[in-house]
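Before any comments, here is the structure.
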Amino acid sequence: MNAYVAELNRAIPKHTDPNEPVTLKNRFREWYRSLPSVTRDRPFSMSEFETAMKTQGKYISSVLLELGWQRKRKWDSTGHYHRYWLPPASQC
(Lines give C-alpha, C1' and ligand atoms only; values in the text may rest on other atoms or scores of the structure.)
Protein backbone atom coordinates (compact mmCIF):
# COMPACT_ATOMS: atom_id res chain seq x y z
CA MET A 1 0.00 0.00 0.00
CA ASN A 2 2.83 2.43 0.77
CA ALA A 3 4.30 1.92 -2.70
CA TYR A 4 0.92 2.71 -4.24
CA VAL A 5 0.58 5.94 -2.25
CA ALA A 6 4.15 6.92 -3.14
CA GLU A 7 3.38 6.37 -6.84
CA LEU A 8 0.27 8.55 -6.58
CA ASN A 9 2.29 11.31 -4.90
CA ARG A 10 4.86 11.19 -7.72
CA ALA A 11 2.04 11.58 -10.27
CA ILE A 12 0.92 14.91 -8.78
CA PRO A 13 2.29 17.83 -10.82
CA LYS A 14 5.14 19.57 -9.01
CA HIS A 15 3.83 23.12 -9.57
CA THR A 16 0.46 22.50 -7.91
CA ASP A 17 -0.10 24.81 -4.96
CA PRO A 18 -1.92 22.87 -2.21
CA ASN A 19 -3.40 26.12 -0.86
CA GLU A 20 -4.95 27.04 -4.22
CA PRO A 21 -8.68 26.24 -4.31
CA VAL A 22 -9.86 23.61 -6.78
CA THR A 23 -11.84 25.57 -9.35
CA LEU A 24 -12.62 24.88 -12.97
CA LYS A 25 -10.22 27.66 -13.92
CA ASN A 26 -7.37 26.08 -11.94
CA ARG A 27 -8.21 22.60 -13.24
CA PHE A 28 -8.12 23.94 -16.79
CA ARG A 29 -4.75 25.62 -16.22
CA GLU A 30 -3.27 22.42 -14.84
CA TRP A 31 -4.64 20.38 -17.74
CA TYR A 32 -3.34 22.83 -20.32
CA ARG A 33 0.11 23.00 -18.70
CA SER A 34 0.28 19.20 -18.69
CA LEU A 35 -0.03 19.04 -22.49
CA PRO A 36 3.19 18.59 -24.47
CA SER A 37 4.40 21.92 -25.86
CA VAL A 38 3.91 20.81 -29.47
CA THR A 39 0.19 20.24 -28.89
CA ARG A 40 -0.54 23.45 -26.96
CA ASP A 41 -0.33 26.02 -29.76
CA ARG A 42 -3.17 24.86 -32.02
CA PRO A 43 -6.92 25.27 -32.41
CA PHE A 44 -9.02 23.30 -29.89
CA SER A 45 -12.63 22.19 -30.19
CA MET A 46 -15.05 22.54 -27.30
CA SER A 47 -15.56 18.78 -27.29
CA GLU A 48 -11.86 18.36 -26.42
CA PHE A 49 -12.28 20.65 -23.43
CA GLU A 50 -15.50 18.95 -22.34
CA THR A 51 -13.79 15.55 -22.40
CA ALA A 52 -10.73 16.78 -20.50
CA MET A 53 -12.65 18.77 -17.88
CA LYS A 54 -15.59 16.32 -17.66
CA THR A 55 -18.12 19.14 -17.71
CA GLN A 56 -20.32 21.01 -20.17
CA GLY A 57 -19.06 23.68 -22.54
CA LYS A 58 -21.35 26.32 -21.07
CA TYR A 59 -19.20 26.26 -17.93
CA ILE A 60 -15.88 26.10 -19.76
CA SER A 61 -16.45 28.97 -22.21
CA SER A 62 -16.47 31.64 -19.49
CA VAL A 63 -13.17 30.28 -18.14
CA LEU A 64 -11.64 30.34 -21.62
CA LEU A 65 -12.72 33.93 -22.21
CA GLU A 66 -11.37 34.97 -18.81
CA LEU A 67 -8.00 33.40 -19.64
CA GLY A 68 -7.78 35.23 -22.98
CA TRP A 69 -8.71 32.47 -25.40
CA GLN A 70 -10.34 33.52 -28.67
CA ARG A 71 -13.45 31.94 -30.18
CA LYS A 72 -13.27 31.57 -33.97
CA ARG A 73 -15.27 30.05 -36.81
CA LYS A 74 -14.10 28.39 -40.00
CA TRP A 75 -16.64 28.65 -42.80
CA ASP A 76 -16.89 26.14 -45.62
CA SER A 77 -18.30 26.55 -49.13
CA THR A 78 -21.76 25.26 -48.15
CA GLY A 79 -22.33 28.03 -45.61
CA HIS A 80 -21.68 25.85 -42.57
CA TYR A 81 -19.04 26.66 -40.00
CA HIS A 82 -16.95 24.89 -37.39
CA ARG A 83 -16.18 26.57 -34.09
CA TYR A 84 -12.78 26.37 -32.46
CA TRP A 85 -10.77 28.08 -29.73
CA LEU A 86 -7.30 29.59 -30.04
CA PRO A 87 -5.02 29.86 -27.01
CA PRO A 88 -3.79 33.30 -25.97
CA ALA A 89 -0.38 34.52 -27.12
CA SER A 90 0.83 34.39 -23.52
CA GLN A 91 0.24 30.88 -22.24
CA CYS A 92 -2.15 30.18 -19.35
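The values are calculated or read from the model by the stated rules, or taken from the named source; none is laboratory data. Computed from a predicted model, the values in this text were never measured in an experiment. Cβ placement follows ideal geometry from the backbone for every residue including glycine, while neighbour counts extend to all protein chains displayed.
Restricting the search to the stretch 30-49, which residues are in contact with a helix residue (DSSP H, G or I) (Cβ under 6 Å, 6 or more places away or on another chain) and surrounded by 15 or more Cβ atoms within 10 Å (Cβ to Cβ)? Write out each step before concluding.
Residues of the stretch 30-49 in contact with a helix residue (DSSP H, G or I) (Cβ under 6 Å, 6 or more places away or on another chain): 31, 46, 49.
Answer for the stretch 30-49, where residues must be in contact with a helix residue (DSSP H, G or I) (Cβ under 6 Å, 6 or more places away or on another chain) and surrounded by 15 or more Cβ atoms within 10 Å (Cβ to Cβ): 46, 49.
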Sort out which residues of the stretch 45-88 are in contact (Cβ under 8 Å) with a residue 12 or more places away in the chain, in a loop (DSSP other than H, G, I, E, B) and not aromatic (Phe, Trp, Tyr), and write them in order of number. 45, 55, 67, 68, 87, 88
Does any residue in the stretch 17-30 that is among the basic types (Lys, Arg) come within less than 6 Å, Cβ to Cβ, of a residue that is modelled with pLDDT of 90 or more and in a helix (DSSP H, G or I) six or more places away or on a different chain, and which pairs are these? 25/63
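Considering the stretch 30-44 alone, what residues qualify as being of a type in the set (Lys, Arg) and assigned to a helix (DSSP H, G or I)?
Quick first cut of the stretch 30-44, residues of a type in the set (Lys, Arg) only: 33, 40, 42.
Across the stretch 30-44, the qualifying residues are 33, 40.
Right, residue 27: surrounded by 12 or more Cβ atoms within 10 Å (Cβ to Cβ), outside any strand (DSSP E or B) and modelled with pLDDT of 90 or more or not?
Working: surrounded by 12 or more Cβ atoms within 10 Å (Cβ to Cβ): yes; outside any strand (DSSP E or B): yes; modelled with pLDDT of 90 or more: yes.
In short, yes.
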